[in-house]
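Engineer: This is the structure I have questions about; it appears just below.
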Amino acid sequence: MGVIKLKHLVKVYNAYKGANGVTAIDGLNLHVGKGEFTGIMGPSGSGKTTLLNLLSGVDKATSGEIVIDGQDITKLSKDQMALFRRGRIGYIFQDFNLLDSLTLKENIALPLILDKRDPQEIEAKLAPLMEFLGIQDVRDKYPYHISGGQKQRVAAARAIVNEPAVVLADEPTGNLDSKSAHQLMSILASLNENMGSTILMVTHDPFAASFCKRILFIKDGKAELEIRSSGDRKAF
Ligand code: ADP
Ligand code: ADP
């Protein structure tokens with residue numbers, strides 16, 4: 001669970017308007033093994049967010065294949081994709097994507113509620129996660145009442161509450177102070193090490209990138225360079 005293969009993936013925006021459109025992903029091939037912690041880096045506009053949107057099924061590829069655990073998700077309908085994603089893919093969106101009409105606790109619990117888990121089990125999973133992320137005190141507030149950093153932690157909690165096989169994260173430390181960034185990266189690292197979750201993280205942050213065992217640099221929607229870590233990360 002958690003193996004990702006991209007085969008000549010292409011995404012062109014606005015191609016239907018007759019013009020040439022914007023080629024955001026340009027024939028990308030990539031193989032991410034189960035349990036890999038991979039970083040995606042590259043300049044603004046290089047296609048990083050587009051790639052995560054395609055992998056999560058938020059957006060549709062123009063051509064090519066996205067095979068996750070043997071299933072080519074480009075062949076799935078919207079409803080089939082929603083089912084496939086549930087419990088398997090967690091996405092920490094750059095703009096959080098929290099539902100304004102739900103409390104923070106309800107936002108985090110959403111994947112479990114959709115999965116029809118019983119309330120006791122939901123509470124048992126949520127309490128330690130919220131405690132660890134330092135959001136217990138704001139659990140009954142609504143998204144517009146909390147700071148950007150708190151929203152980021154709620155978005156992270158929601159993405160990982162189900163212990164998904166694949167976690168996609170778009171600049172997860174982008175709005176966090178260094179203490180919160182540390183906490184969040186520890187959670188992702190622990191999910192990766194203990195649950196074997198495959199993580200694909202877009203980041204500009206060297207601290208976050210230092211957790212990756214492999215970093216893919218993309219430019220103009222193409223793979224440009226890849227480095228692998230020897231694992232001797234040193235924290236100061
Ligand atoms: P990054 O995340 O690396 O900054 P994006 O994936 O956001 O890159 O964007 C890649 C390219 O696709 C950019 O040229 C951007 O302007 C374009 N793009 C992104 N989203 C859309 C969209 N919804 N419609 C049209 N063009 C888009
Ligand atoms: P990023 O920080 O990933 O570069 P952007 O600021 O490029 O994000 O994009 C923010 C949002 O605007 C995204 O949802 C993206 O899909 C959309 N977007 C980006 N470029 C365009 C574009 N040229 N036309 C329409 N939507 C776009």
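Engineer: Which of the residues that make up the range 191-211 are open to solvent by 50 Å² or more (accessible area, probe 1.4 Å) and more than 16 Å from ligand 1 (Cβ to nearest atom)?
Structural biologist: Across the range 191-211, the qualifying residues are Glu193, Asn194, Met195, Pro206, Phe207.
Engineer: Shifting gears a bit: Quick test for you: out of Val22, Val12, pick the one residue that is near ligand 1 (Cβ under 8 Å from one of its atoms), touching a strand residue (DSSP E or B) at 6+ places or on another chain (Cβ under 6 Å), open to solvent by 20 Å² or more (accessible area, probe 1.4 Å) and not aromatic (Phe, Trp, Tyr).
Structural biologist: Val22
Engineer: Sticking with this structure for a sec: Provide a single number: the residues in the range 65-83 that are part of a helix (DSSP H, G or I) and either of a type in the set (Lys, Arg) or open to solvent by 20 Å² or more (accessible area, probe 1.4 Å) (or both).
Structural biologist: 7
Engineer: Then there is this: Could you check the range 25-59 and list, in sequence order, the residues that are in a strand (DSSP E or B), under 23 Å from Lys213 (Cβ atoms) and open to solvent by 50 Å² or more (accessible area, probe 1.4 Å)?
Structural biologist: Asn29, His31, listed by residue number.
Engineer: Still on this model: What's the number of the condition Phe93 fails, among (1) aromatic (Phe, Trp, Tyr); (2) over 26 Å from Ser147 (Cβ atoms); (3) buried (at least 16 other Cβ atoms within 10 Å of the Cβ)?
Structural biologist: (2)
Engineer: State the number of residues belonging to the range 106-147 that are small (Gly, Ala, Ser), surrounded by fewer than 18 Cβ atoms within 10 Å (Cβ to Cβ) and touching a residue at least 40 places away in the same chain (Cβ under 8 Å).
Structural biologist: The number of residues fulfilling the criteria is 1.
Engineer: What number of residues in the range 25-51 are in contact with a Leu (Cβ under 8 Å, 6 or more places away or on another chain), farther than 11 Å from Ile218 by Cα and within 8 Å of ligand 1 (Cβ to nearest atom)?
Structural biologist: 0
Engineer: I'm told Gly57 meets every condition in (1) of a type outside the set (Val, Ile, Thr); (2) more than 16 Å from Ile4 (Cα to Cα); (3) more than 10 Å from ligand 2 (Cβ to nearest atom) except one. Can you identify the failing condition by its number?
Structural biologist: (2)
The values are calculated or read from the model by the stated rules, or taken from the named source; none is laboratory data. Just so it is clear, the model here is predicted, and its values are computed rather than measured. With ideal geometry, Cβ positions are generated from the backbone for all residues, glycine too; neighbour counts draw on all protein chains shown. Side chains are part of the model used for accessible areas, which takes the heavy atoms of the whole protein and leaves out ligands, DNA and RNA. Shrake-Rupley method; radii C 1.70, N 1.55, O 1.52, S 1.80 Å.
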